[in-house]
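A.B. asks: My questions will all concern the structure given below.
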Amino acid sequence: LQMSGDNDASEIETKVEVEAPRQSESSGRGGRRFSQSGRKSGDNKGGFKRRHGEAHHHNKGKKRFRDDFIYPTGGNIHDPLNLNSVTPGTVDPPLKRPKDFPLKVKIPGTLHDPLNLLGEIPMDESLDNPLVIDDPIVSPMPIMSFSKNKKKFDYKPKKKVEVKNEDKEEEQPKNLTKEEKEALARKEKKEAFNKKYSYGNFDRYYGHRLTNGQRDPRLSVLNREWFEKRTVLDIGCNAGFLTLSIAKEYGPRRILGIDIDEHLIGVARKNIRHYCDKNTELAGKFPASFARQFGPISQTSLSFSTKFPDNIWFRTENFVLENDDLLETVEEEYDVILALSITKWIHLNWGDDGMRRFFKRCFASLHPGGRLILEPQHFSTYRKRSVMSEELKTNYRSIEFKPEDFEMYLLEECGFESVEHLTVTGAKAKGFDRPIDVYVKKPPAFMRKRETKKVERKKDEHGEKEKKEEGEMVTKENEVKNEEDAMDTEAKEKDCKIDESRVNPQESKSE
């Protein structure tokens, strides 16, 4: 290849050297070549020649490569596009880096933000001292390795690397007596118990409160009119026994049971099937086994049903808000809110501020005329549970807003209109016969008129009944007096006859 010419124009002269085609040997590429008749190609007795003659032989008069072919790009058979002739003269030669000068690569400070969009790492960080942050990432895929039989794979999961923390307690001594081991086991068991039930989410709560098959005595105090065709919220529903009883017996429009423990909510959902009768319809698009295993499964439809078990729901939720600013987002949703035996645990876990925030949210969640049914625990029961953790202990020591102050706060600060105190008896264990307080939210004007009319009607009916009873009593008294007068007159007549007989004995004999 030769290049000649000025800078403005250049001519490329190419000399193509075409190799002459190699004449195939008699044996051919694969050794001996045979014709269609099975003989050698050089044999004159081949079948192709006998049928078509020498003029029709497929290699006769053809050249494998043409010597006079000129490629448009000036290339040859080995370089048809003439790429070897193109040499960019404007490109600078590659830069040479001294061997002593190391190559610097900037490594991102964190793998979650490699472009530093959040600005957590300063931009002027030195390249020589890159920031190294431990960011453990565990791959969900196991490591694959080929076995000797390449058709199969050997899956070798990564071994978990145990991280040694300096804050961990020292290893337990091996040489322990039997008593020490038992004491250590009891201590560990107690710590696990306190950690699991620090919110009062006891899974055997109703077993301590009720006997087998006993109806909750609190239902006898609660009025059916408060729940019928109403929207109800049960906070701290536990396994859902009381919630299910209200949903089945009192016929609310919708009742929602919430609890902070996800396990208890799962148990409550499964308990729905135990409260269903044999005639309860469980129709739906699910297999029949689902209803037996998971409880009643109702078919989703556009029509809204308020019959049990379609009127009950359970959900995992913490009703205590994180701060007071979130109270502005609360809307009126419920007609009745049940808060039974949960004030102690709210007080111990979130202190006085959390208790006040809880009451404010209850008031904000109620419709006008709604009811808050509260069952507070006495402050003397706080101390026993405050030792379950250090957090509970510190909150217990800082409590100033005691249960005796709840009524005043709910009426004056929150805005409830009135309160009614109910007494409950018949609990299995001591301490569960707690009084229940029913706080009523101030209803609107039209509801007050209706209530006043109802009260007046009741008074009128009661007055009419009293008048009727008084009239009946008067009539009875008159009847009794008449009977007594009749008896007296008869007795007097008899006495008169006796006296007459004594005065005139001869007349009586003659007669």
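A.B. asks: One residue is enough: does the range 177-185 have a residue meeting the conditions touching a residue at least 12 places away in the same chain (Cβ under 8 Å) and open to solvent by 70 Å² or more (accessible area, probe 1.4 Å)?
C.D. replies: no
A.B. asks: Being open to solvent by less than 100 Å² (accessible area, probe 1.4 Å), outside any helix (DSSP H, G or I) and either touching a helix residue (DSSP H, G or I) at 6+ places or on another chain (Cβ under 8 Å) or at pLDDT 75 or above (or both) narrows it down to one residue among Asp485, Asp433; which is it?
C.D. replies: Asp433
A.B. asks: Which of the numbered conditions does Thr425 fail, given that it passes all the others? Conditions: (1) open to solvent by 90 Å² or more (accessible area, probe 1.4 Å); (2) within 19 Å of Arg371 (Cα to Cα); (3) among the polar types (S, T, N, Q).
C.D. replies: (2)
A.B. asks: Could you grab me the full set of residues in the range 234-249 that are open to solvent by less than 30 Å² (accessible area, probe 1.4 Å), more than 16 Å from Ala339 (Cβ to Cβ) and of a type outside the set (Gly, Ala, Ser)?
C.D. replies: Within the range 234-249, Leu244 is the sole residue that qualifies.
A.B. asks: Sticking with this one: What about Thr231, is it modelled with pLDDT under 95, open to solvent by less than 40 Å² (accessible area, probe 1.4 Å), under 28 Å from Ile373 (Cβ atoms) and out of contact with any helix residue (DSSP H, G or I) (no Cβ under 8 Å at 6 or more places or on another chain)?
C.D. replies: Answer is no for this residue.
A.B. asks: Please identify the pairs in which a residue from the range 393-422 that is closer than 30 Å to Pro444 by Cβ has its Cβ atom under 7 Å from the Cβ atom of a residue that is among the acidic types (Asp, Glu) and assigned to a helix (DSSP H, G or I), counting only partners at least 6 apart or on another chain.
C.D. replies: That search, which allows pairs on different chains as well, returns Val419/Glu407.
A.B. asks: Now, a different point. Say we look at the range 436-463 and pick out the residues that are in a loop (DSSP other than H, G, I, E, B) and open to solvent by less than 100 Å² (accessible area, probe 1.4 Å); which of these is modelled with the highest pLDDT?
C.D. replies: Among residues in the range 436-463 that are in a loop (DSSP other than H, G, I, E, B) and open to solvent by less than 100 Å² (accessible area, probe 1.4 Å), the one modelled with the highest pLDDT is Pro443.
A.B. asks: From the list Glu479, Glu470, Glu466, which one is more than 30 Å from Gly370 (Cβ to Cβ), surrounded by 10 or more Cβ atoms within 10 Å (Cβ to Cβ) and either aromatic (Phe, Trp, Tyr) or at pLDDT 80 or above (or both)?
C.D. replies: Glu479
A.B. asks: Might you let me know whether the range 187-209 holds any residue that is surrounded by 12 or more Cβ atoms within 10 Å (Cβ to Cβ) and at positive phi?
C.D. replies: Looking for residues that are surrounded by 12 or more Cβ atoms within 10 Å (Cβ to Cβ) and at positive phi, one finds at least one in the range 187-209, hence yes.
A.B. asks: Looking at this structure, is Tyr409 aromatic (Phe, Trp, Tyr), surrounded by fewer than 16 Cβ atoms within 10 Å (Cβ to Cβ) and in a helix (DSSP H, G or I)?
C.D. replies: Yes, satisfied.
A.B. asks: Here's another thing I want to ask about it. Which of the residues spanning the range 250-279 are surrounded by fewer than 16 Cβ atoms within 10 Å (Cβ to Cβ) and over 21 Å from Lys196 (Cα atoms)?
C.D. replies: Arg253, Lys270, His274, Asp277, Lys278, Asn279
A.B. asks: Show the residue pairs meeting these rules: Cβ distance below 6 Å; 6+ apart or different chains; first residue within the range 324-337 and open to solvent by less than 40 Å² (accessible area, probe 1.4 Å); second residue among the charged types (D, E, K, R).
C.D. replies: Matching pairs, first to second residue: Leu327/Lys360; Val330/Arg361; Asp335/Arg230; Val336/Arg230; Val336/Arg371.
The values are calculated or read from the model by the stated rules, or taken from the named source; none is laboratory data. Since this is a predicted model, take the numbers as computed values, not measurements. In this analysis, Cβ positions are derived from the backbone assuming ideal geometry, glycine residues included, and neighbour counts consider all displayed protein chains. Side chains included, ligands, DNA and RNA excluded: accessible areas come from the protein's heavy atoms. Shrake-Rupley method; radii C 1.70, N 1.55, O 1.52, S 1.80 Å.
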